[in-house]
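> After the structure tokens below, expect a handful of questions from me.
The values are calculated or read from the model by the stated rules, or taken from the named source; none is laboratory data. Keep in mind that what you see is a predicted model, and the values were worked out from it rather than measured. Note that each Cβ is placed from the backbone with ideal geometry, even for glycine, and that neighbours are counted across all protein chains shown. Heads up: the accessible areas ignore ligands, DNA and RNA and are worked out on the full protein's heavy atoms, side chains in. Shrake-Rupley method; radii C 1.70, N 1.55, O 1.52, S 1.80 Å.
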Protein chains: 4
Amino acid sequence: MPGHVLELPVRWSHLDKAGTIYFPKYFEWFDLAAEEMFRTMGLDWPTLFVRENILGLPIVEATARFILPLFYNDVIRIVTTVGEIRTRAFRLDHQVYRGAELTAKGYVVRIWVQDPKGPQGKMAAAPLPAHIVRALEAYKA
Amino acid sequence: MPGHVLELPVRWSHLDKAGTIYFPKYFEWFDLAAEEMFRTMGLDWPTLFVRENILGLPIVEATARFILPLFYNDVIRIVTTVGEIRTRAFRLDHQVYRGAELTAKGYVVRIWVQDPKGPQGKMAAAPLPAHIVRALEAYKA
Amino acid sequence: MPGHVLELPVRWSHLDKAGTIYFPKYFEWFDLAAEEMFRTMGLDWPTLFVRENILGLPIVEATARFILPLFYNDVIRIVTTVGEIRTRAFRLDHQVYRGAELTAKGYVVRIWVQDPKGPQGKMAAAPLPAHIVRALEAYKA
Amino acid sequence: MPGHVLELPVRWSHLDKAGTIYFPKYFEWFDLAAEEMFRTMGLDWPTLFVRENILGLPIVEATARFILPLFYNDVIRIVTTVGEIRTRAFRLDHQVYRGAELTAKGYVVRIWVQDPKGPQGKMAAAPLPAHIVRALEAYKA
């Protein structure tokens, strides 16, 4: 099972003055990859958040290693798999490829948070529902 | 030695539809904190890159843990220290505080890269010059 | 009455590969200037939107003219005045200065929109409340 | 002649807390549409800038009118045509459609600027080369 694949070209707005990727972009790409993976599961963010009455899938950890530089016009493939499913959290692993080269990799851990009562109420992680666990398991590496 | 401090308010453009910080923003803040720390050392990015004939300070690793959510109007302090100085790389540690609360922390590893000959030449990490090492040591935790 | 002033430095993340400002940044600055002007009126966005039961202040028109290029380390002042108050809309005029030089100018027209019933209900502009008109008049050029 | 078409989906990162598009995003989309139009002409930005020895295509004016709100999952088509070709500048007109609905429109005026000698040299607009004029004329509305 190869995981979810998101293809993206490197464009002008991704580059800083030195001609390298402004590195927070990679985390924007990881976030978009997660969003697209859930969309292919039939669970786009707004649908998911309303249906499950959750505040979102807050990120508690994010990390990336940058192995090879990217250049303008490179087309990258972000391959996303589910690395771990815990009771109240899950980890998505992202690998960035240019052709066969692995150029970067990272992961993002998200928690399942019920919508709190007040506008700034304490956010508490809740157990992942069984149907979400099942949907995520299809993307385990 | 408390490290370099960058103070920032949480504003509308930092929030996503769920009212939480769009997490790549934290990495933008870490990047700005590094830039400001070097500025206080008299080495703003363009000056540094031209004077040292380097292509930049490419990031090879970036990571963050998010401990407490931030809200609109929160004023955060990003405290940056030098966590490690290697021969060809250094690690900046960033801690995000709201008042006395640690709300997030992370680190970014950067390498010293000589400007390559060609436009897409191989980037090779070079040893950090002694005066850069000395300047960084002043920010060691 | 000089209008509301927001001061900002030009930083690395504002620059594209050509070393010029990525022009959508100016509109981010205009948006932040409007947000800060309302904050000084005691009406930060979340407070305003909840108190007045509005969906926001949707933008119906935005324009900018770029007169002089900006460079790294330039400190700019965005001077914001209220250019026009209509029944259901108002126009904010933004002027960008570097020292005494006018480097850019533009305006943004926003409408007053009541929170619609449904999630994708029709948004209809409503008359600006009298106390909002009074607050805006203090910033007329 | 329908102009250049760029298709984009509305995603989570485009939305602000009110669920509306953060309006500077439209200008990012206009900029990307221009970049893609030049790519289809065989002139991607880096190739164009190096081959023609220009600093870029600095923007001197940008404007947009927002007619209908966009929502998550909307797929938009940005139709770009050349509105005017002057001696040293050209105007790109952008229309944003959701299906048959025109949801926004705007234009961006860019100038042709020779690479100045010094790092912060005066930028002076130069006449558009004949082959660039010819390439742009194919996109006139």
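> Report, in listed order, any pair from A:Lys17/D:Lys140; A:Lys105/B:Lys25; B:Lys17/B:Lys140 with a Cα-Cα distance greater than 28 Å. Don't skip to the end; give the middle numbers.
Working: A:Lys17/D:Lys140 32 Å; A:Lys105/B:Lys25 19 Å; B:Lys17/B:Lys140 38 Å.
Listed pairs above 28 Å: A:Lys17/D:Lys140; B:Lys17/B:Lys140.
> Additional query: Under a 1.4 Å probe, what is the accessible area of the range D:32-141 per residue, stated in Å²?
44 Å²
> Give the average, rounded to an integer, of partner chain Cβ atoms located within 10 angstrom of each Cβ in B:65-77.
If you average over the peptide's residues, the count of other-chain Cβ atoms is 3.
> At 222 nm, what helix-only mean residue ellipticity would chain D give, in deg cm²/dmol to the nearest 500, using -39500 (n - 2.57) for each DSSP H run of four or more?
Numbers: 3 runs with 32 residues, N = 141.
Taken over chain D, the calculation gives -7000 deg cm²/dmol.
> Next up: With a cut-off of 8 Å between alpha carbons and a minimum separation of six or more residues, what is the relative contact order of the range D:1-74 in percent?
Numbers: 39 pairs, mean separation 33.2, N = 74.
Relative CO of the range D:1-74 lands at 45 percent.
> Another question, if that's okay. Just for chain B, what percent of DSSP beta bridges are antiparallel, to the closest 5? Intermediate values should be presented prior to the final figure.
Details: 35 of 36 bridges.
DSSP beta bridges in chain B are roughly 95 percent antiparallel.
> Using a basic spin-label model with each label point 7 Å from the Cα along Cα→Cβ, how many nm lie between A:Leu68 and D:Val50?
1.8 nm
> Another one. Could you order C:His14, B:His94 by accessible surface area, starting with the largest, using a probe radius of 1.4 Å? All intermediate terms of the calculation are to be shown ahead of the outcome.
Numbers: C:His14 25, B:His94 0 Å².
Result of the area sort, largest leading: C:His14, B:His94.
> Next up: Mind checking which chain C residue has its Cβ closest to the axis relating C to A, and how many whole Å off it is?
Axis relating chain C to chain A; nearest Cβ residue and distance: C:Lys17, 3.
> A further question on this structure: Would you tally the net charge around D:Leu6, using a Cβ to Cβ cut-off of less than 12 Å, leaving D:Leu6 out, and scoring K and R as +1, D and E as -1? Write out the running numbers ahead of the final one.
On the way: positive: A:Arg11, D:Arg39, D:Arg77; negative: D:Glu7, D:Glu28, D:Asp31, D:Glu35, D:Glu36.
Counting the neighbours of D:Leu6, the net charge comes to -2.
> Along Cα→Cβ, 7 Å out, is where each label goes; now give me the distance between the ones at D:Glu84 and D:Leu32 in nm to one decimal.
Roughly 2.8 nm, to one decimal.
> While we're on this one: How big is the gap, in Å, between the Cα center of the range D:38-60 and the Cα center of the range A:50-79?
Measuring centre to centre over Cα atoms gives 30 Å.
> Given points 7 Å out from each Cα along the Cα-Cβ axis, report the D:Gln114 to D:Thr40 separation in nanometres with one decimal.
3.3 nm
> Every other copy gets compared here: list the nm distances from the C:Arg65 label point (7 Å along Cα to Cβ) to its counterparts, shortest first, one decimal.
Distances to the matching label points in the other copies: 1.9, 5.4, 5.4 nm.
> Further, regarding this structure: How far is helix A:24-40 tilted off the main Cα axis of chain A, in degrees rounded to 10, range 0 to 90?
50 degrees
> Here's a follow-up. Give me the dipole magnitude in Debye, nearest 20, for the protein assembly as shown about the Cα centre, with unit charges on the beta carbon: positive for Lys and Arg, negative for Asp and Glu. Working shown, then result.
On the way: 68 positive and 60 negative charges, 0 e Å.
For this selection, approximately 0 debye.
> With a 1.4 Å probe on protein heavy atoms only, work out how much accessible surface B and A bury together, total over both chains, in Å² to the nearest 100. Provide the component values of the computation, followed by the final result.
Numbers: alone 8010 and 8010 Å², together 13680 Å².
Answer for the B-A pair: about 2300 Å² buried.
> Return a whole-number percent for the relative contact order of chain A, with Cα pairs under 8 Å and 6 or more residues apart as the contact set.
Values: 257 pairs, mean separation 39.6, N = 141.
Worked out over chain A, it gives 28 percent.
> Here's a follow-up. Place a +1 charge on the Cβ of each Lys and Arg in chain B and a -1 charge on the Cβ of each Asp and Glu, then give the dipole magnitude about the Cα centre in debye, rounded to the nearest 20.
Details: 17 positive and 15 negative charges, 57 e Å.
In total the dipole reaches around 280 debye.
> Please compute, for peptide A:27-34, the average count of beta-carbon atoms on other protein chains lying within 10 Å of each residue's beta-carbon.
Numbers: counts 9, 7, 1, 2, 7, 3, 0, 1.
Across A:27-34, the average partner-chain Cβ count within 10 Å equals 4.
> Let me ask another. So if I restrict to the alpha-carbon atoms in the range C:4-137, what is the Rg, and what is Dmax, the biggest pairwise distance, in Å?
Values for the range C:4-137 (Cα only, Rg and Dmax): 16.2, 49 Å.
> On the accessible surface of the protein assembly as shown, probed at 1.4 Å, how many percent belong to carbon and sulfur atoms? Please list the in-between numbers first.
On the way: 12200 of 23630 Å².
The nonpolar share, carbon plus sulfur, comes to 52 percent.
> Give me the inter-chain shielding for A:6-13: mean count of other chain Cβ atoms within 10 Å, whole number please.
Neighbouring Cβ atoms belonging to other protein chains average 4 per residue here.
> Additional query: Using a 7 Å offset from Cα along the direction of the beta-carbon, what are the separations from C:Arg134 to the same position in each other copy, nm, ascending?
Here C:Arg134 shows inter-copy label distances of 6.0, 6.3, 6.7 nm.
> Distances from D:Asn53 to the same position in the other copies: list them in nm, one decimal, shortest first, using label points 7 Å from Cα along Cα→Cβ.
So the label point of D:Asn53 gives 2.4, 6.6, 6.9 nm to the other copies.
> Mind ranking C:29-37, A:32-40 by how tightly packed they are, going by the mean number of other C-beta atoms within 10 angstrom, highest first?
Details: C:29-37: 21.3, A:32-40: 19.1.
Per-residue mean Cβ counts within 10 Å order the peptides as C:29-37, A:32-40.
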